[in-house]
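Data first, discussion second: the structure below is written as structure tokens.
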Amino acid sequence: MTANAHPFERLDPKRIVDAVESLGMWLPGEPFALNSYENRVYLVHDDERRRWVVKFYRPGRWSDAQILEEHDFLAELDEAGVPVGAPWRNESGESLHHAEGFRFALFAQVAGQAPELENPAHLFALGDVIGQLHAVGKRRPFVHRRTLDLDGMVDESREQVLSGPWLNRRQRRAYERISGELHRALKARAWPASRAIRVHGDCHLGNMLGREEHFSLVDFDDCVMAPAVQDLWMLLTAQSDQEAHMQLAEIVEGYEQHTEFDRRELEWIEPLRSLRLIRHSAWLAARWDDPAFPRAFPWVAEEGYWDGHIRTLEQQRQALDEDARWLA
């Protein structure tokens, strides 16, 4: 292994097994890699046929205090009956473990399939579980986790892209202009800090698993302080206004079985979408030293990817002025 190797390159099957077995378990088989890039996540089973998901945290991303606050939030949710994947704790109550320079946690596997966002019953069920989550999330703030900050996060993302070798001269001019316009527009649409609660932060289909109309939320790695609508807007996938309002109605009806949803937060959907678009490309650029990223996303190094990204930002800038559909 070279001196410049990424830390995750050391994470071979033997180290994974040794780490889990250091917790007092015995693994009769090999770990199976699951689809994850930010961290490294594996499915294992022990000698009692229990299936576990072991997550190795990306070195340098979160502090121990931030990870433990995520785990404590999951424990609080689990105690309240919210279906989430809570971390396993040893006899001393510890959920964050260490092995050969890595930090890792163990979770009981949550089985199931992703929901169907065209199915009204699934939408209601998702609103129901997110409503349960937010009823707990409103009780107190995070102390160590991040706050979803439009101004700071857009600025950070722009710097990540512009400081790298990704853009040619033409693209750099276009990116500076449109990302700057979006930055100014988003600052004008920012939510007050008082509206931020503890949320999942990354409620896409891959983090919702279940069967029939019963779903669990998994992977709270991005849990943050943010407005409640952050956990709802990614479920609104319909293209037509009529279908989108149907989705919203079902989600909110399920949500309000547990806590009220302030419809005024709908005006933040397009700003949140803009933030996610800007941050995604910056995230890919920031992680390029991890060999998994060039293998999985080779097109990021191509000129056409950045032309497409700039066009998407142009379209999103226009959409910021057309978000009245959610307030009708």
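The values are calculated or read from the model by the stated rules, or taken from the named source; none is laboratory data. These numbers were taken from a predicted model, which means no experiment stands behind them. Cβ coordinates were reconstructed from backbone atoms using ideal geometry, including for glycine residues, and neighbour counts include every protein chain displayed.
For segment 51-61, name all the residues that are on the phi < 0 side of the Ramachandran plot and either touching a strand residue (DSSP E or B) at 6+ places or on another chain (Cβ under 7 Å) or without any contact (Cβ under 8 Å) to a residue 24 or more places away in the chain (or both).
Within segment 51-61, Arg51, Trp52, Val53, Val54, Lys55, Phe56, Tyr57, Arg61 qualify.
So which helices (runs of 4 or more DSSP H) are wholly in segment 96-213 and hold at least 3 residues that are modelled with pLDDT under 95 and closer than 29 Å to Gln242 by Cα?
Filter on segment 96-213 gives 169-188.
Against the condition touching a Pro at 6+ places or on another chain (Cβ under 7 Å), crowded, with 19+ Cβ neighbours inside 10 Å, closer than 22 Å to Glu256 by Cα and assigned by TED's automatic domain parsing to the domain that holds Arg145, how does Ala226 come out, does it pass?
no
Can you tell me which residue is farthest from Thr147 (Cα to Cα) among those in segment 214-241 that are small (Gly, Ala, Ser) and not in a helix (DSSP H, G or I)?
Ser240
State which residue is farthest from Arg40 (Cα to Cα) when the search covers only segment 62-94 and only residues that are in contact (Cβ under 8 Å) with a residue 24 or more places away in the chain and of a type in the set (Asp, Glu).
Residue satisfying both the conditions and the ranking: Glu76.
I'd like to check something: does segment 26-35 contain any residue that is buried (at least 16 other Cβ atoms within 10 Å of the Cβ), touching a strand residue (DSSP E or B) at 6+ places or on another chain (Cβ under 9 Å), in contact (Cβ under 8 Å) with a residue 60 or more places away in the chain and of a type outside the set (D, E, K, R)?
For segment 26-35, residues buried (at least 16 other Cβ atoms within 10 Å of the Cβ), touching a strand residue (DSSP E or B) at 6+ places or on another chain (Cβ under 9 Å), in contact (Cβ under 8 Å) with a residue 60 or more places away in the chain and of a type outside the set (D, E, K, R): absent.
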